[in-house]
Structure formats: structure tokens, C-alpha cells
Amino acid sequence: MSDNPTDITHERILNCSIVLFARSGFHGVSMRQVAEAVGVTVAALYYHFKDKEELYLTAVKHIFNNRLPISAADLREDIDPWQSLDQFIHHFIQTLVADADFQRLLQWVLLDTDTARSQTLTDKVFAPFFAEVTWMINRIAPVQDAHLQAVSMIGLMVFPFESSHVRRFLPGYQLPQQTPDVLTQHIINLLRGGLLGVANESKS
């Protein structure tokens, strides 16, 4: 972190707003609440961010890029594609397990129906991440509809956490099913059956 007071304040604003947005979503947080949490005046808050929309978009980008630094450059082509996919999935799930604010904020983002805001977040935050997922899938099964495969894979990673408050009451639920190792292995097994199965069909 920079020693510049302006940079430090900017960082504090983002960190505090992430907690608030994760708890209450975009519509449940006011700029006054953020200012009070940070310990600055509302005027000072507007010095850093022109409005709540800019603060929200910056906060989501900040936590997403800091919690999920994996890129296609890290998952090199000389590594076995299944190993790359395994590492990617495990890191994503581990982040969801370890960081409740990231998990909750992601849920709010996915539920947001504002078209303009969703478009901006997609362009600035999610498109690069999605491109990495499709890149890994194409290495395994390049003949597939990588878009749908990537959406399905992300769903497999995210839904166990989105549904955990209900799923824990369903028959067969066990706490270890929420661990990164168990979930990663389960998803990889499903993908091996799905991706390889369809890939083999296309060759026949």
C-alpha cells in the first residue's frame, strides 16, 4: 500500500464499501453510510468517487482482481490442461470459502438486474475472467460451445455456496462437501465425463 494519505484513504474507502455492499447490495448502501464507516465526510468521499455507481463498480473490480489474480499467463500452455483447470477451480473455490465478503458480493452482483451496470461490470471485470475459463476449456475440447461450457463450469463452482443455506438441510448433506478439495474433485470428475464425452462423440 502507498504511504500517500490520498492513496491510503482511497484504499480504506474501497475496503469499507466492499463490506457494506457485500452485506446489503448496491441499493442497500448510501454514500453517507460509506463515509461514516470510513471515518470521512461525505464531501471527502465524493472527492474520491463521483457517485455511488462509480464506487460500487470500482469496489467490485477491486475485490475481484485482488482475490482472483490467476490469469491465462499463469496457466501456461506447457502445463497439462486438466492440471491447469484443477488449479483454477481449486483457487476459485478456496477464495469463496475463505472470503465471505467476496462470496456475498458476488451473489449480489449476479442478482443485479440493472442492464447498464451489468454491462459495465462485464466489460471491466468479468469478460477477462470468462475469457480465461473458455481458453482452458478450449484446450481440452476445442470443438465445444465454450461459452455454454464456461457458464456451466462457473455455475458448478458458485451454486454450492449460493444454495448452502438451504442445501445443508437436504438429505445427504455433509460439511466436507463445502471444502475446496472435495468440491474441486467433484467438478473435475463431472467435467471429465462431460467435456471428454462430447469431444469423443464429435470425432466419431
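The values are calculated or read from the model by the stated rules, or taken from the named source; none is laboratory data. Bear in mind that the values here come from a model prediction, so they are computed numbers and not experimental data. When we count neighbours, we look across all protein chains shown, and the Cβ atoms used for this are built from the backbone with ideal geometry, even at glycine.
Being of a type outside the set (Ser, Thr, Tyr) and in a loop (DSSP other than H, G, I, E, B) is the filter; apply it to segment 36-54 and report the residue that is surrounded by the most Cβ atoms within 10 Å (Cβ to Cβ). Ranking the qualifying residues of segment 36-54, first place goes to Phe49. Take Ala22 and decide whether it is out of contact with any Asp or Glu (no Cβ under 9 Å at 6 or more places or on another chain) and among the aliphatic types (A, V, I, L, M). No. Filter segment 157-173 down to the residues that are over 13 Å from the mean Cα position of the chain (by Cα) and closer than 19 Å to Ile89 by Cα, then identify the one that is surrounded by the most Cβ atoms within 10 Å (Cβ to Cβ). The residue in question is Pro160.
Checking the conditions here, which among Thr122, Thr184, Thr179, Thr115 is under 12 Å from the mean Cα position of the chain (by Cα), at pLDDT 90 or above and β-branched (Val, Ile, Thr)? Talk me through it step by step, then tell me what you get.
Details: Thr184 fails: under 12 Å from the mean Cα position of the chain (by Cα); Thr179 fails: under 12 Å from the mean Cα position of the chain (by Cα); Thr115 fails: under 12 Å from the mean Cα position of the chain (by Cα).
Of Thr122, Thr184, Thr179, Thr115, the one residue that is under 12 Å from the mean Cα position of the chain (by Cα), at pLDDT 90 or above and β-branched (Val, Ile, Thr) is Thr122.
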